[in-house]
Amino acid sequence: MRRMVLLEAIEKRLLEELNPKVRLVLETGRYLIEGGGKRLRPLITMLSCGMCGGDPEDALPLGIGLEYIHAASLLHDDVVDGAKSRRGRDSANLVFGNEVAVLTGDYMYAKALHLFSTYGNIEMIRLVSQAVMDMAEAQVLELSKVGELITEDEYFRIIEGKTAVLFGACVAVGGMAGGCQDRDTLYEIGLRMGRAFQLVDDLLDYVGDSKKTGKPVGNDLREGKTTYPLLSVIDYLDRERVESLLREVEPTEEEIETLRKEVVSLGGDARTKERALEELRVAKDLLSKFPDSSYKEEILKIMDFVVLREL
Ligand code: FPP
Ligand code: MG
């Protein structure tokens with residue numbers, strides 16, 4: 001099945017399954033979903049199912065559940081971050097208010113588990129709920145480190161929890177739906193993809209085209225967050241100056257721009273891309289254990305897309 005066919009089925013089902021009784025929940029949920037997104041999580045879930053010998057269609061409602069978890073986490077994240085934009089337009093918290101955004105996130109998260117209880121099994125629910133626990137913990141860890149220059153270990157703990165575990169769950173759940181027993185390998189493939197994805201996300205925060213990413217550059221520095229591009233060149237920068245900028249509650253745009261440009265000119269962007277590629281090399285190596293198929297080819301294409309997108 002071609003990627004476009006899968007995507008069409010995903011878009012349709014995403015809107016169908018939402019189905020709340022209260023109109024405002026529908027409006028808010030639709031607003032986020034129709035705002036765009038690459039649907040990587042449901043795609044990977046379905047492709048992993050196909051790669052493991054199952055019918056990708058069987059994994060569709062599970063992929064939808066995983067996309068709802070992602071959507072819920074974005075709704076909550078934008079409230080926590082006090083964000084004003086998402087996917088190139090006003091964020092849901094700005095349009096509908098914090099309360100409605102949080103509660104719609106709760107609805108979508110519960111809907112996801114409901115889908116898993118109907119179309120999945122207990123093992124999958126255990127895996128997915130563990131992923132959400134990890135996500136929430138990582139978000140709290142990240143929050144507690146705002147304004148601090150964190151270590152590389154701390155950085156990887158944060159990105160693993162906030163992004164990679166959900167990708168791990170997608171590949172593992174899809175594979176389980178397709179009848180594969182080697183859950184650990186599947187999970188590890190997703191984890192590595194997720195790490196690469198977040199590394200590139202953090203890279204785009206330094207060098208991305210804000211028209212394409214839908215987010216302004218320099219946001220992480222503005223929010224006092226240490227990410228890999230900065231960490232990769234920290235030895236060549238004045239540590240104390242970086243620490244004091246991260247600590248500042250309202251740094252000037254000039255300060256942010258200066259440091260952002262310095263990180264880029266020191267090669268922080270290239271180092272980050274290289275680190276993301278390293279993760280993908282491991283993921284591809286693990287993927288080679290599985291028999292060749294068009295599904296596997298598509299997963300490999302998504303891996304390349306993760307690093308090449310909008311660069
Ligand atoms: C965006 O990160 C946020 C995440 C990837 C995860 C957020 C997770 C939670 C809020 C906890 C889980 C909650 C539920 C209901 C499932 P970012 O701020 O680095 O990216 P951004 O620039 O796109 O906002
Ligand atoms: Mg955010």
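For the cross-link pairs LYS84/LYS284; LYS12/LYS284; LYS162/LYS284; LYS38/LYS289; LYS273/LYS296, the ones whose C-alpha atoms lie over 25 Å apart are LYS84/LYS284; LYS12/LYS284; LYS38/LYS289. Per-residue ellipticity at 222 nm, computed for the chain from helices alone with -39500 (n - 2.57) per DSSP H run of at least four residues, works out to -23500 deg cm²/dmol.
Checking the Cα-Cα distances for LYS111/LYS301; LYS225/LYS261; LYS21/LYS212 against a 23 Å cut-off, the pairs over it are LYS111/LYS301; LYS21/LYS212. Counted over all Cα-Cα pairs of the range 109-230, pairs farther apart than 19 Å make up 54 percent. Calculated over the range 227-301, the projected area of the Cα convex hull averaged across directions stands at 6.9 nm². Principal semi-axes of the equivalent ellipsoid, √(5λ) from the alpha carbon gyration tensor of the range 159-222, are 30, 10, 8 Å from largest down. When only alpha carbons of the range 1-148 are considered, Rg and Dmax amount to 15.6, 47 Å. Could you give the length gained by full extension between HIS114 and GLU223, i.e. 0.36 nm per residue of separation minus their alpha carbon distance, to one decimal place? Difference between extended and current length: 35.7 nm. For the range 165-271, the percent of C-alpha pairs falling in each 5 Å distance bin, counted from 0 to the bin holding the largest distance, reads 2, 12, 19, 17, 14, 10, 9, 8, 5, 3, 1. Here's the picture: charge each Lys and Arg Cβ at +1 and each Asp and Glu Cβ at -1 in the chain, and of ILE189, LEU7, GLY268 the one pushed furthest to the positive end of that dipole is LEU7. Over what distance in Å are the Cα centres of the range 129-180 and the range 48-114 separated? The distance from the Cα centre of the range 129-180 to that of the range 48-114 comes to 15 Å.
Placing +1 on the Cβ of every Lys and Arg and -1 on the Cβ of every Asp and Glu, with no other charges, gives the chain a dipole of roughly 960 debye about its Cα centre. Sorted fewest first by neighbouring Cβ atoms within 10 angstrom, HIS76, HIS114 come out as HIS114, HIS76. The alpha carbon convex hull volume per residue for the chain rounds to 118 Å³. Mean sequence separation of contacting Cα pairs (under 8 Å, at least six apart), scaled by the length of the range 210-311, corresponds to a relative contact order of 30 percent. For the options ASP209, ASP58, ASP285, a Gaussian network treatment of the chain with springs between C-alpha atoms closer than 10 Å singles out ASP285 as fluctuating the most. Ordering PHE197, PHE116, PHE96 by the number of other Cβ atoms within 10 Å of each residue's own Cβ, fewest first, gives PHE96, PHE116, PHE197.
Working note: Karplus 6.51/-1.76/1.60 with θ = phi - 60° gives the range 244-252 the couplings 6, 5, 5, 6, 4, 6, 10, x, 6 Hz, where Gly and Pro are set to x. Distance between the modelled labels on GLU278 and GLU154, one decimal in nanometres: 2.0 nm (7 Å Cα→Cβ projection).
Whole-Hz Karplus values for the range 179-193 come out as x, 7, 8, 7, 5, 5, 5, 4, 4, 5, 4, x, 4, 5, 4 Hz, taken residue by residue from phi with 6.51 cos²θ - 1.76 cosθ + 1.60 and θ = phi - 60°; glycine and proline positions read x.
No lab work stands behind these numbers, since they all come straight from the coordinates. This is a predicted model, so every value here is computed, not measured. No Cβ is skipped: glycine too gets one built from the backbone with ideal geometry, and neighbour counts run over all protein chains shown.
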